[in-house]
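Every number in this text was worked out from the coordinates using simple rules, so none of it is lab data. Computed from a prediction, not measured in an experiment: that's the story for all the values here. Note that we place each Cβ from the backbone using ideal geometry, even for glycine, and neighbour counts take in every protein chain shown.
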Amino acid sequence: MEKSNNYWHEMSDSAILETIGQFLKETRLQQNKTQQQLASVAGIHRFTVVQMENGKGGTLKSFIQFMRGLEQLQLFQHFQASHQISPLELAKLEQSRRHRARNKKKPNKKSKSDW
């Protein structure tokens, strides 16, 4: 079942955690892995697997380890930040970039005046 962006915006934080937990559990079961097998592969405790599958949270690091254990890291490709720069902005940046190094100017020593 495909969920639209509006659906996610309408959900509470705990509902999102439960939905993610269901995804994690279904994916693990499709791969025919026990909680203990996944925990061993992912380098996390079985209790963490149980908590995450039940939508009770966990750390972001545990989530990444969980996804790595399920071989689902490709889902993170949407998190890559990309900044597209226009050709005009690129030309301005190129103009402002330094092309040469300059010697530092020595401070002028003021001569004593006879006044």
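Among the residues making up region 40-51, those that are without any contact (Cβ under 8 Å) to a residue 12 or more places away in the chain and not charged (D, E, K, R) are S40, H45, F47, Q51. The listed residues are R28, R97, and the only one of them that is surrounded by fewer than 11 Cβ atoms within 10 Å (Cβ to Cβ) and either in contact with a strand residue (DSSP E or B) (Cβ under 9 Å, 6 or more places away or on another chain) or over 24 Å from H9 (Cα atoms) (or both) turns out to be R97. Note on region 6-40: residues that are of a type in the set (V, I, T) and assigned to a loop (DSSP other than H, G, I, E, B) amount to 1. Here region 55-84 is the region considered, the condition is being outside any helix (DSSP H, G or I) and surrounded by 14 or more Cβ atoms within 10 Å (Cβ to Cβ), and the residue that is nearest to the chain's Cα centre (by Cα) is Q72. Consider region 3-25 and keep the residues that are within 21 Å of T59 (Cα to Cα) and acidic (D, E). The one that is surrounded by the fewest Cβ atoms within 10 Å (Cβ to Cβ) is D13.
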